[in-house]
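Colleague: First the structure, then my questions, so here it is.
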Amino acid sequence: MIMEKMRSLLRRVRDDETGSIPIEGLLAFIMLSGWLMLSIEIYDVFKIRGAATRANVTVSDLISREKDPIGPKYVAGIKQVYDFTTGNHDPSRSWMRVTLVSCWDDPQDLGHACNDPTEGSDAKKVKLTDSYATGLAEKYTQEALDLEADRIPILAAGDQALIVETSYAYDLPFKLSEAYKAYLTSIGKDPTKHFVGFHNAISFDNFIVTRPRVGRLTWLDDH
């Protein structure tokens, strides 16, 4: 009799579906919430990346049209335009480097273009006119500029170019990767051996070379 009652009780517990819908709903809510947060984070990353690129292009175009001399003060001011365009409210999270270069027309070698890829390592290098950087970046030296020769297009002899480099360290809104890393650690797995999504801070870097639109750009250290 007692065993029969116990079997009957166990069958009722087994067949009882009371509360299953709220539990399933809770699980679905958690999964959908995670998917929604991940979607927002991915969308935001690409939105800011596009904004950072457009901001660099905008700043490069503005500088290329300058008729007055530019210099460190001008670069510091145009950096504020970049921050405003990207929606960056913390100037310390971004930096800008503006560099003027030219292709010297050697009297002994007239018409020889700079950075011609067909010449390989013997290609004529552009000459540094001047450079200024904000934040953590350093201004270029001629030696450092030579290392970037493959990123600078061919310049005709006597031509000038403007290089604008920007970097924006963007913080993710939800930091889902940190939560996933903590989960992997809690179950005894090494987070470094698994894909954990975006890093908490992503650096959007841009290197854009522009030809002056009006005449030649002039650099003065007191501007």
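The values are calculated or read from the model by the stated rules, or taken from the named source; none is laboratory data. These numbers were taken from a predicted model, which means no experiment stands behind them. Methodologically, a virtual Cβ is constructed for each residue, glycine included, from the backbone with ideal geometry; neighbour enumeration extends over all protein chains shown. Remember, those area values only see protein heavy atoms, side chains included, never the ligands or the DNA or RNA. Shrake-Rupley method; radii C 1.70, N 1.55, O 1.52, S 1.80 Å.
Colleague: State which residue pairs qualify: first residue under 18 Å from residue 183 (Cβ atoms) and inside the range 22-35, second residue open to solvent by less than 100 Å² (accessible area, probe 1.4 Å) and of a type in the set (A, V, I, L, M) in any location, beta carbons under 8 Å apart, and separation of 6 or more residues or different chains.
Modeller: Taking only residues 6 or more apart or on different chains, the pairs are 34/176.
Colleague: If I ask for residues that are in contact with a strand residue (DSSP E or B) (Cβ under 8 Å, 6 or more places away or on another chain) and open to solvent by 20 Å² or more (accessible area, probe 1.4 Å), which ones from the range 49-62 would you list?
Modeller: Passing the criteria: 49, 53, 57, 61.
Colleague: Next up: Just the residues that are in contact (Cβ under 8 Å) with a residue 24 or more places away in the chain, surrounded by 14 or more Cβ atoms within 10 Å (Cβ to Cβ) and part of a helix (DSSP H, G or I), please, taken from the range 82-120.
Modeller: 82, 85, 86, 91, 93 - these are the residues of the range 82-120 that are in contact (Cβ under 8 Å) with a residue 24 or more places away in the chain, surrounded by 14 or more Cβ atoms within 10 Å (Cβ to Cβ) and part of a helix (DSSP H, G or I).
Colleague: To continue, here is another question. Could you please give the count of residues in the range 121-137 that are surrounded by 12 or more Cβ atoms within 10 Å (Cβ to Cβ), without any contact (Cβ under 8 Å) to a residue 60 or more places away in the chain and out of contact with any His (no Cβ under 9 Å at 6 or more places or on another chain)?
Modeller: The total comes to 10.
Colleague: Also, quick follow-up: Quick one: how many residues across the range 63-75 are surrounded by 14 or more Cβ atoms within 10 Å (Cβ to Cβ) and either of a type outside the set (A, V, I, L, M) or assigned to a helix (DSSP H, G or I) (or both)?
Modeller: 7
Colleague: Of the residues 20, 33, which is within 29 Å of the chain's Cα centre (by Cα) and at pLDDT below 85?
Modeller: That would be 33, the only listed residue that is within 29 Å of the chain's Cα centre (by Cα) and at pLDDT below 85.
Colleague: Is the range 134-156 home to any residue that is out of contact with any helix residue (DSSP H, G or I) (no Cβ under 9 Å at 6 or more places or on another chain), at pLDDT 95 or above and in a strand (DSSP E or B)?
Modeller: no
Colleague: Just to be sure, is residue 57 touching a Leu at 6+ places or on another chain (Cβ under 9 Å) and at pLDDT 85 or above?
Modeller: In short, no.
Colleague: Mind checking whether some residue in the range 159-167 is at pLDDT 95 or above, open to solvent by 60 Å² or more (accessible area, probe 1.4 Å) and not in a loop (DSSP other than H, G, I, E, B)?
Modeller: No: zero hits.
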